[in-house]
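K.L.:
If you scroll down you'll find the structure; I have some questions about it.
The numbers here are math on the coordinates, done by the rules we state, and not lab data. All values derive from a computational prediction rather than experimental measurement. Neighbour counts run over all protein chains shown; Cβ positions are idealised from the backbone, glycine included.
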Amino acid sequence: MVSTVYAVLFYIATLVLVVGVVMRVINYARTPVPLKIVVSPAPRTRKGVWFRMFREVTLFESLFKSNKWIWLFGYLFHFGMLLVLLRHFRYFQRDVWGWVEIIQPFGIYAGFAMVAGLAGLLFRRIFQQRIRYISDPSDYLMLLLFLGIAGSGLMMKFVNHVDIIAVKAFMLGLMRFQIGEMPRDPILMIHLGSVVSLMLIFPISKLMHAPGVFFSPSRTQVDNAREKRHISKWAAELPDLPEGIPEKKEG
Amino acid sequence: MASLDMDAKGGPKFVGDPLKIPQIECGAMADSKTFAAYPVHNEDLGFPGELLDNWKEVAIAKIGELADKNRAFKVYLDACVKCGACTDKCHYFLGTGDPKNMPVARQDLLRSVYRRYYTFAGKYFPWLVGARDMTREVLDEWYTYYHQCSQCRRCSVACPYGIDTAEISMAARDILDSVGVGQKYCNEIIAKLKKTGNNLGLNPKALRATLEDLEEDLEEETGIAVKLPLDVQGADILLITPSADFFAEPHIEGLLGYAKVFHASGVSWTISSYASEAANFGMFIGSYENMREVSWRIRQAAKDLGVKRIVFGECGHAWRVGYSFLNTLAGPFDFLDQNYPIPQHIMEFTSDAIDDGLLKIDKSRNDEFVMTYHDSCNVARGSSMGRKQGGQFDLPRKVIKAVCNHFYEMERDTIRENTFCCGGGGGLLTDDLMDLRIKGAKPRMTALQQVTEDHGVTHMAAICAICKTQFSKVMPKYGYEMDNVMSVHQLVANAVILDGQETEADVATAEDTP
């Protein structure tokens with residue numbers, strides 16, 4: 001019963017996550033950009049923009065320049081999470097890829113970096129006056145959800161070992177549309193339940209900042225307005241304005 | 001760190017940190033209300049004259065329309081994670097402490113309504129994501145706080161996703177206009193421009209008389225007939241400059257500087273009475289249509305006069321529209337000389353003239369000034385100059401250093417892409433917002449005070465008509481004189497010696513010789 005519920009939840013969540021994000025991204029891509037609104041100084045070539053965006057998503061360059069604490073906690077969280085996610089590949093592969101094997105030890109300890117980053121962000125959100133002012137309930141809940149996922153994950157690794165072989169078998173089964181037995185471990189159930197929730201809310205929440213950053217015109221545009229005319233479809237279809245100067249009169 | 005003390009003996013006194021973050025003071029600027037536009041001016045711009053009966057529906061629909069027409073608006077409303085990196089970046093927040101002047105909080109005034117009507121979470125769980133209904137109070141709050149944003153983009157530089165509050169604030173003003181709630185200052189000026197060709201409402205006759213007066217002044221000063229041509233058919237260059245350059249100080253001094261540079265370079269140029277304004281207030285109110293109409297005049301003037309090039313004078317937001325938008329709004333400019341950027345900034349022109357050795361310069365003529373330079377916000381973050389990235393910072397400094405001996409930079413986090421707005425940009429340069437303007441100027445004034453103390457800086461140069469007007473008005477509140485702000489081309493005008501010009505040195509030598 002529990003296995004079936006989780007299996008169904010996983011299928012629904014995967015569908016919602018993939019379809020939701022793809023639809024939103026398509027919507028972003030199709031929404032016109034009427035003007036060149038690049039925030040300068042900005043690269044004058046497409047290549048330069050790629051480099052700028054690469055630095056933004058790998059180093060969080062702008063954030064580093066604007067706030068070192070948020071950068072530190074944000075970076076620990078995001079790159080901790082990245083390593084953790086990559087490590088998790090092993091639970092979805094019968095024969096685990098070599099590089100996934102190699103990063104296992106790093107991925108395990110990255111979980112602590114992730115928790116440290118999240119704790120820092122939560123601490124700031126609660127105790128830094130300005131950030132508390134701009135926070136809604138969902139902003140706290142989101143951090144708590146991530147903390148729940150990371151915390152339960154670390155618990156299973158370091159405190160209360162789960163039958164990981166059985167979990168992997170369950171996951172591999174799901175990928176072949178066969179619902180097997182999921183271990184009845186409360187911590188595992190919390191862990192997977194939170195992951196499912198996260199997948200479900202991803203496309204309708206601020207988590208869309210992840211794909212959104214690639215559609216932010218102020219960063220992704222090339223600074224070449226004078227050399228190359230930028231015009232959006234709806235603007236090009238506006239009725240023509242009258243040519244010529246109405247009769248000149250001086251007086 | 002010490003902060004501004006308005007009640008200090010002998011005028012306000014301040015030392016310390018221009019970036020000092022104030023304690024939050026809720027509602028500190030809630031009573032700031034800029035005057036509402038007259039119905040006739042709203043209508044001149046194609047908006048309803050007064051608040052519509054069904055304004056709520058119209059406003060909500062307009063949010064959806066903007067989200068469909070402008071990717072930036074949609075992505076920015078979705079992507080903010082409330083990280084807080086922008087919260088200490090706005091000069092109005094630093095100057096007032098009102099939390100709604102923190103960029104993210106300013107965005108949230110609109111984001112909360114967008115979420116309520118256009119997102120799943122906001123529709124079904126409004127309390128969870130801070131979504132709220134569109135009400136009259138919300139509308140009034142928008143009017144109050146979206147007229148405390150000068151669209152300077154300093155917050156956008158700080159944001160990890162480049163979210164630009166200027167885009168949100170322009171959209172908010174567009175929504176306000178579309179339900180009949182316009183701002184007097186902006187809408188009256190745009191209406192005036194549509195009638196006369198400039199923001200001041202100067203008619204061609206008055207403009208011609210003004211320019212003739214200035215020609216007389218120049219001839220008196222230099223002994224040379226330097227022209228300020230108006231509506232000259234077939235001139236090479238059409239100069240598009242803010243109309244403040246025709247009458248306000250220190251703007252005029254800058255205009256005389258352009259005239260001298262053009263004269264010394266031997267190019268023919270002209271001003272147009274039809275497009276006698278560089279500033280485009282259509283941007284301030286976020287109206288593509290109005291911005292396009294204002295820009296269109298420049299195209300028509302250039303075509304009508306048969307010029308080969310367009311050069312913009314010193315004007316910040318104008319240069320953003322000129323550099324980033326003009327080609328979009330009024331292009332393609334295939335009828336102009338393609339060997340020059342279209343349009344070009346006067347700073348690019350002067351920089352080239354210096355490189356080509358066309359200007360005879362005596363730097364010592366600016367020795368009475370110890371200069372610093374204020375990067376105007378929209379030039380810094382909404383445009384560029386020259387052939388290299390960052391030219392908008394380097395060219396003005398190059399020109400200043402070419403004509404002045406004494407130049408010092410203000411604190412690093414207050415210049416170049418981190419520059420502060422003067423406090424009067426984005427449609428806020430009106431007397432009914434004077435309190436806001438004075439407070440908003442505080443970070444810049446504090447940075448200036450630092451270099452005054454450290455290096456004895458006496459004057460600050462700028463290349464924006466709004467900056468110049470704003471500073472000449474608020475500097476006296478901070479212990480400076482009105483004329484401590486200067487045009488960059490004023491410095492150029494001081495230092496350039498025209499061919500055949502008699503200088504004080506010549507006169508002195510002549511008097512010594514029996």
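K.L.:
Which residues, counting only those in the stretch B:460-470, are buried (at least 24 other Cβ atoms within 10 Å of the Cβ) and over 16 Å from residue B:92 (Cβ atoms)? Talk me through it step by step, then tell me what you get.
P.N.:
Let us first name the residues in the stretch B:460-470 that are buried (at least 24 other Cβ atoms within 10 Å of the Cβ), namely B:460-468, B:470.
B:460, B:461, B:462, B:463, B:464, B:465, B:468, listed by residue number.
K.L.:
If I go through the stretch B:194-213 residue by residue, how many of them are under 24 Å from residue B:424 (Cβ atoms) and touching a Lys or Arg at 6+ places or on another chain (Cβ under 8 Å)? Spell out the reasoning first.
P.N.:
Keep residues of the stretch B:194-213 that are under 24 Å from residue B:424 (Cβ atoms), which gives B:194, B:196-202, B:210.
Still in the running and touching a Lys or Arg at 6+ places or on another chain (Cβ under 8 Å): B:197-201.
Residues that pass the stated criteria total 5.
K.L.:
Just wondering, is there one or more residues in the stretch B:209-223 that are among the charged types (D, E, K, R) and within 30 Å of residue A:40 (Cα to Cα)? Lay out the reasoning, then the answer.
P.N.:
Taking the stretch B:209-223 as the starting set, the residues that turn out to be among the charged types (D, E, K, R) are B:212-213, B:215-217, B:219-221.
The next check asks that each one be within 30 Å of residue A:40 (Cα to Cα); those that pass are none.
Within the stretch B:209-223, none of the residues are among the charged types (D, E, K, R) and within 30 Å of residue A:40 (Cα to Cα).
K.L.:
For the stretch B:350-366, check the following and say yes or no: at least one residue is away from chain A (no Cβ under 12 Å) and closer than 28 Å to residue B:146 by Cβ.
P.N.:
Here is the first cut: in the stretch B:350-366, the ones away from chain A (no Cβ under 12 Å) are B:350-366.
Subset that is closer than 28 Å to residue B:146 by Cβ: none.
No, because not a single residue in the stretch B:350-366 is away from chain A (no Cβ under 12 Å) and closer than 28 Å to residue B:146 by Cβ.
K.L.:
If the requirement is being outside any loop (DSSP other than H, G, I, E, B), crowded, with 21+ Cβ neighbours inside 10 Å, more than 28 Å from the chain's Cα centre (by Cα) and touching a residue at least 12 places away in the same chain (Cβ under 8 Å), which of these qualifies: B:157, B:58, B:113, B:104? Before the answer, list the steps.
P.N.:
Working: B:157 fails: more than 28 Å from the chain's Cα centre (by Cα); B:58 fails: crowded, with 21+ Cβ neighbours inside 10 Å; B:104 fails: more than 28 Å from the chain's Cα centre (by Cα).
Exactly one of B:157, B:58, B:113, B:104 is outside any loop (DSSP other than H, G, I, E, B), crowded, with 21+ Cβ neighbours inside 10 Å, more than 28 Å from the chain's Cα centre (by Cα) and touching a residue at least 12 places away in the same chain (Cβ under 8 Å), namely B:113.
K.L.:
Restricting attention to the stretch B:401-459, and to residues there that are among the polar types (S, T, N, Q) and buried (at least 24 other Cβ atoms within 10 Å of the Cβ), which single residue is farthest from residue B:487 (Cα to Cα)?
P.N.:
Applying the first criterion (among the polar types (S, T, N, Q)) to the stretch B:401-459 yields B:405, B:414, B:418-419, B:430, B:446, B:449-450, B:452, B:458.
Still in the running and buried (at least 24 other Cβ atoms within 10 Å of the Cβ): B:419, B:446.
Values: B:419: 17, B:446: 20 Å.
If we take residues in the stretch B:401-459 being among the polar types (S, T, N, Q) and buried (at least 24 other Cβ atoms within 10 Å of the Cβ), then B:446 is farthest from residue B:487 (Cα to Cα).
K.L.:
Taking the stated definitions as given, is residue B:371 in contact (Cβ under 8 Å) with a residue 24 or more places away in the chain and under 14 Å from residue B:386 (Cα atoms)?
P.N.:
Working: in contact (Cβ under 8 Å) with a residue 24 or more places away in the chain: yes; under 14 Å from residue B:386 (Cα atoms): no.
Judged against the criteria, residue B:371 is not a match.
K.L.:
Here is a follow-up. Pairs please, first residue from the stretch A:143-156 and under 15 Å from residue A:186 (Cβ atoms), second anywhere and among the β-branched types (Val, Ile, Thr) and not in a helix (DSSP H, G or I), Cβ atoms under 6 Å, 6+ apart in sequence or on different chains.
P.N.:
Within 6 Å, the pairs are A:156/A:162.
K.L.:
Further question: Looking at (1) touching a residue at least 12 places away in the same chain (Cβ under 8 Å); (2) crowded, with 23+ Cβ neighbours inside 10 Å; (3) on the phi < 0 side of the Ramachandran plot, can you tell me which one residue B:64 breaks?
P.N.:
(2)
K.L.:
Okay, moving on. Could you run through the stretch B:127-154 and say how many residues are buried (at least 22 other Cβ atoms within 10 Å of the Cβ) and not in a helix (DSSP H, G or I)?
P.N.:
9
K.L.:
Now, a different point. Of all residues in the stretch A:200-251, which are more than 7 Å from every other protein chain (Cβ to nearest Cβ), part of a loop (DSSP other than H, G, I, E, B) and within 34 Å of the chain's Cα centre (by Cα)?
P.N.:
Those that are more than 7 Å from every other protein chain (Cβ to nearest Cβ), part of a loop (DSSP other than H, G, I, E, B) and within 34 Å of the chain's Cα centre (by Cα): A:221, A:222, A:224, A:228, A:232.
K.L.:
Would it be correct to say that residue B:220 is charged (D, E, K, R) and assigned to a helix (DSSP H, G or I)?
P.N.:
Values: charged (D, E, K, R): yes; assigned to a helix (DSSP H, G or I): yes.
Spelling it out, residue B:220 is indeed charged (D, E, K, R) and assigned to a helix (DSSP H, G or I).
K.L.:
Within the stretch B:195-203, identify whether any single residue is of a type in the set (S, T, N, Q), in contact with a helix residue (DSSP H, G or I) (Cβ under 9 Å, 6 or more places away or on another chain), in a loop (DSSP other than H, G, I, E, B) and crowded, with 24+ Cβ neighbours inside 10 Å, and answer yes or no. Step through it out loud before you land on a result.
P.N.:
Initially, the stretch B:195-203 is screened for residues of a type in the set (S, T, N, Q), giving B:196, B:198-199, B:203.
Next, from what is left, pick out any that are in contact with a helix residue (DSSP H, G or I) (Cβ under 9 Å, 6 or more places away or on another chain): B:196, B:198-199, B:203.
After this cut, where a residue has to be in a loop (DSSP other than H, G, I, E, B) as well, the list is B:198-199, B:203.
Keeping just the survivors that are crowded, with 24+ Cβ neighbours inside 10 Å gives B:198.
Yes, the stretch B:195-203 contains at least one residue that is of a type in the set (S, T, N, Q), in contact with a helix residue (DSSP H, G or I) (Cβ under 9 Å, 6 or more places away or on another chain), in a loop (DSSP other than H, G, I, E, B) and crowded, with 24+ Cβ neighbours inside 10 Å.
K.L.:
Say we look at the stretch B:308-345 and pick out the residues that are surrounded by fewer than 24 Cβ atoms within 10 Å (Cβ to Cβ) and of a type in the set (Phe, Trp, Tyr); which of these is nearest to residue B:296 (Cα to Cα)?
P.N.:
Step by step, filter the stretch B:308-345, then rank; the result is B:333.
K.L.:
I'd like to know if the stretch B:225-235 contains one or more residues that are surrounded by fewer than 19 Cβ atoms within 10 Å (Cβ to Cβ), over 26 Å from residue B:366 (Cα atoms) and among the polar types (S, T, N, Q).
P.N.:
Yes, because at least one residue in the stretch B:225-235 is surrounded by fewer than 19 Cβ atoms within 10 Å (Cβ to Cβ), over 26 Å from residue B:366 (Cα atoms) and among the polar types (S, T, N, Q).
K.L.:
Looking at B:298, B:342, can you tell me which residue is farther than 17 Å from residue B:198 by Cα and either of a type outside the set (Gly, Ala, Ser) or away from chain A (no Cβ under 12 Å) (or both)?
P.N.:
Details: B:298 fails: farther than 17 Å from residue B:198 by Cα.
After applying the criteria, what remains is B:342.
K.L.:
Turning to a different aspect of this structure: Please go through the stretch A:85-107 and pick out each residue that is of a type outside the set (D, E, K, R) and either within 14 Å of another protein chain (Cβ to nearest Cβ) or under 21 Å from residue A:170 (Cα atoms) (or both).
P.N.:
Listed by number, the residues that qualify are A:85, A:86, A:88, A:89, A:91, A:92, A:93, A:96, A:97, A:100, A:104.
K.L.:
From the list B:444, B:437, which residue is among the charged types (D, E, K, R) and closer than 26 Å to residue B:348 by Cα?
P.N.:
Sole residue among the options that is among the charged types (D, E, K, R) and closer than 26 Å to residue B:348 by Cα: B:444.
K.L.:
Would you be able to tell me the number of residues in the stretch A:29-63 that are at the interface with another protein chain (Cβ under 9 Å from one of its Cβ atoms) and not aliphatic (A, V, I, L, M)?
P.N.:
The initial filter retains those residues of the stretch A:29-63 that are at the interface with another protein chain (Cβ under 9 Å from one of its Cβ atoms), namely A:29-44, A:48, A:56, A:60-63.
With the extra rule that they be not aliphatic (A, V, I, L, M), the set shrinks to A:30-32, A:34, A:36, A:40-41, A:43-44, A:48, A:56, A:60-62.
The number of residues fulfilling the criteria is 14.
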